[in-house]
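Asker: Here it is, the structure, as structure tokens.
The values are calculated or read from the model by the stated rules, or taken from the named source; none is laboratory data. Predicted, not measured: the structure shown is a model, and the values here were computed from it. Every residue, glycine as well, gets a Cβ built from its backbone with ideal geometry; the counts of neighbours run over all protein chains shown.
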Amino acid sequence: MNDDRPGSSATLIAETERVSAPNYSPLPVVIARAEGVWAWDVEGRKYLDCISAYSSLNQGHRHPRIVRALVEQAGRLTLTSRAVHNDRMGPFLAKLCELAGFEMALPMNTGAEAVETAIKLARKWAYRVKRVPQDGAEIVACRDNFHGRTTTIVGFSSEPQYREDFGPYSAGFRLVDFGDIEQLRAALSSNTAAFLVEPIQAEAGIIMPPDGYLAAARALCRERNVLFVLDEIQTGLGRTGKLFAHEHEPGAMPDLLILGKALGGGVYPVSAVLASRAIMTLLKPGDHGSTFGGNPLASAVGAAALDVLVEERLTERAAELGAHLRAALATLRSDKIVEIRGRGLLIGIEIAAKSGTARKYCERLLERGVLAKDTHAQVIRLAPPLIIERAELDWLVTQLRDVLLSY
């Protein structure tokens, strides 16, 4: 990293840090190209990508079918805005709704936009259907949640850094502990519009709920006339070994489903909210919108991303290879490890505080050709593309073993 020649990693990092706001702390590597599960830096060093752009690359880097759909659509039509119809949005949303089991969808661009859309839908439903007094609707969420970075969303975060200096915040949110059904029961009131929750708290360190929690929360929401809203931006589209993480529990089907990340196939930002026709048609022209949401390029990419997931059986691969990875990780014998947890190919390795932060181990993995990122200080998050091979996972475990035993 001491090479200061033009185009070197050190030079590019220095240039980036000079002109870019310091709102991230990236690993000291500059990626120049990638394919499948592998990435190469500007010096040509090769890395196994176990970050997957936080589960945006479930289909792998530059999947040929998705890139082809992008290029072909770019040669015909890229953007119309919603002022007119385009020939790609309807077929894309029909495919998405059929796969997910919903009647209608509202396309957006980023995950945070989709969460904001779900909040607006839930509040509209509360006033028009549940008859909550105007401006009195509440949404219950969980502590340690991560739903995005907009001011509304960080306003109901429990992470101090996400909130500091960004207020004042919107009212109408109440927090409960993730996994505690009795706290949820106590928090729901006649003014509650929705319970918004992640099936697995990925950003919080791959925090798993108790078995049956999602189904119990769904049943409680139905009993109390509250919408059950699942943020599956990171857990959806095959990542956990089911197409959607809520499918691990019978009876956990949400009223609103929020998707993003892998919906764009790793080449374009695509997100969506799915719901019943009764909920979605509460919106009238002018109530909500997005210039780029549902654009033909995004729709073509989203449709191809779904086709790849289904036709290449990536969900089934995540289940099979995730079980293999968990079994291999269980052979790691180190007092540096507190716990290994997760589902499918979404795994968290919690590092004991006495052994330093997870960042230290991620940097050592980087030296061995593995891209892995720390979260919540002590957790190494592993989320490789779902196209990864068993031999590549075995190689990953070897690198982890060496790092844990060598330092």
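Asker: Can V338 be described as in contact (Cβ under 8 Å) with a residue 12 or more places away in the chain, more than 23 Å from the chain's Cα centre (by Cα) and assigned to a strand (DSSP E or B)?
Answerer: Yes.
Asker: Every residue in the stretch 210-241 that is crowded, with 24+ Cβ neighbours inside 10 Å, among the acidic types (D, E) and in a loop (DSSP other than H, G, I, E, B), please.
Answerer: E232
Asker: Further question on the same structure: Which is surrounded by 15 or more Cβ atoms within 10 Å (Cβ to Cβ) and farther than 22 Å from E103 by Cβ, of P269, P254? So that I can check it myself, show each step before the final result.
Answerer: Values: P254 fails: farther than 22 Å from E103 by Cβ.
Just a single option satisfies the conditions, and that option is P269.
Asker: Would you check which residues across the stretch 53-66 are touching a strand residue (DSSP E or B) at 6+ places or on another chain (Cβ under 9 Å), assigned to a helix (DSSP H, G or I) and buried (at least 22 other Cβ atoms within 10 Å of the Cβ) and list them?
Answerer: Answer for the stretch 53-66, where residues must be touching a strand residue (DSSP E or B) at 6+ places or on another chain (Cβ under 9 Å), assigned to a helix (DSSP H, G or I) and buried (at least 22 other Cβ atoms within 10 Å of the Cβ): just S55.
Asker: Follow-up. Pairs under 8 Å by beta carbon, first residue closer than 14 Å to E203 by Cβ in the stretch 49-60, partner hydrophobic (A, V, I, L, M, F, W, C) and part of a helix (DSSP H, G or I), six or more apart or different chains?
Answerer: Close Cβ pairs (under 8 Å, with a partner that is hydrophobic (A, V, I, L, M, F, W, C) and part of a helix (DSSP H, G or I)) amount to S55/A262; S56/A262.
Asker: Within the stretch 30-47, is there a residue that is out of contact with any Cys (no Cβ under 8 Å at 6 or more places or on another chain), part of a loop (DSSP other than H, G, I, E, B), closer than 22 Å to P269 by Cα and touching a residue at least 12 places away in the same chain (Cβ under 8 Å)?
Answerer: Step one: of the stretch 30-47, the residues out of contact with any Cys (no Cβ under 8 Å at 6 or more places or on another chain) are 30-47.
With part of a loop (DSSP other than H, G, I, E, B) added as a condition, the list becomes 30, 37, 42-45.
Filter again for closer than 22 Å to P269 by Cα, leaving 30, 37.
So of that shortlist, the ones also touching a residue at least 12 places away in the same chain (Cβ under 8 Å) come out as 30, 37.
Yes, the stretch 30-47 has at least one match.
Asker: Could you grab the pairs with beta carbons closer than 6 Å, sequence gap of 6+ or different chains, first residue in the stretch 154-167 and within 19 Å of G111 (Cα to Cα) and of a type in the set (G, A, S), second one loosely packed, with under 15 Cβ neighbours inside 10 Å and at pLDDT below 95?
Answerer: Partner pairs satisfying both residue conditions: G155/S170.
Asker: Same structure, new question: Identify, from the list G344, G260, the residue that is farther than 30 Å from V84 by Cβ and buried (at least 24 other Cβ atoms within 10 Å of the Cβ).
Answerer: Numbers: G260 fails: farther than 30 Å from V84 by Cβ.
Residue meeting the stated conditions: G344.
Asker: Moving on to the next point. What's the number of the condition G205 fails, among (1) out of contact with any strand residue (DSSP E or B) (no Cβ under 9 Å at 6 or more places or on another chain); (2) outside any helix (DSSP H, G or I)?
Answerer: Against the list (1) out of contact with any strand residue (DSSP E or B) (no Cβ under 9 Å at 6 or more places or on another chain); (2) outside any helix (DSSP H, G or I), G205 comes up short only on (1).
Asker: With the requirement that a residue be surrounded by fewer than 19 Cβ atoms within 10 Å (Cβ to Cβ) and in a loop (DSSP other than H, G, I, E, B), what does the stretch 180-202 give you?
Answerer: Residues satisfying the conditions are D180, S189, S190, N191.
Asker: Please find, among I200, I206, the residue that is over 24 Å from A275 (Cα atoms), touching a Leu at 6+ places or on another chain (Cβ under 9 Å) and in contact (Cβ under 8 Å) with a residue 60 or more places away in the chain. Walk me through it before giving the result.
Answerer: Working: I200 fails: over 24 Å from A275 (Cα atoms).
Within the list I200, I206, the selection yields I206.
Asker: Step by step: first the residues of the stretch 366-403, then only those that are of a type in the set (A, V, I, L, M, F, W, C) and part of a strand (DSSP E or B), then the one that is nearest to L27 (Cα to Cα). Which residue is that? Break it down stepwise before answering.
Answerer: Step one: list which residues in the stretch 366-403 are of a type in the set (A, V, I, L, M, F, W, C), which gives 366, 370-372, 377, 379-380, 382-383, 386-388, 391, 393, 395-397, 400, 403.
Next, only the ones that are part of a strand (DSSP E or B) stay: 370-371, 379-380, 382.
Numbers: V370: 11, L371: 8, V379: 15, I380: 13, L382: 15 Å.
Among them, the one singled out is L371.
Asker: Being of a type in the set (A, V, I, L, M), under 15 Å from S290 (Cβ atoms) and either in contact (Cβ under 8 Å) with a residue 12 or more places away in the chain or surrounded by 15 or more Cβ atoms within 10 Å (Cβ to Cβ) (or both): is that true of L93 here?
Answerer: Working: of a type in the set (A, V, I, L, M): yes; under 15 Å from S290 (Cβ atoms): yes; either in contact (Cβ under 8 Å) with a residue 12 or more places away in the chain or surrounded by 15 or more Cβ atoms within 10 Å (Cβ to Cβ) (or both): yes.
The answer is yes for L93.
Asker: Look through L366, L400, L345, L404 and report the one residue that is touching a Leu at 6+ places or on another chain (Cβ under 8 Å), at pLDDT below 95 and of a type in the set (A, V, I, L, M).
Answerer: On the way: L366 fails: at pLDDT below 95; L400 fails: at pLDDT below 95; L345 fails: at pLDDT below 95.
One residue alone meets the criteria, L404.
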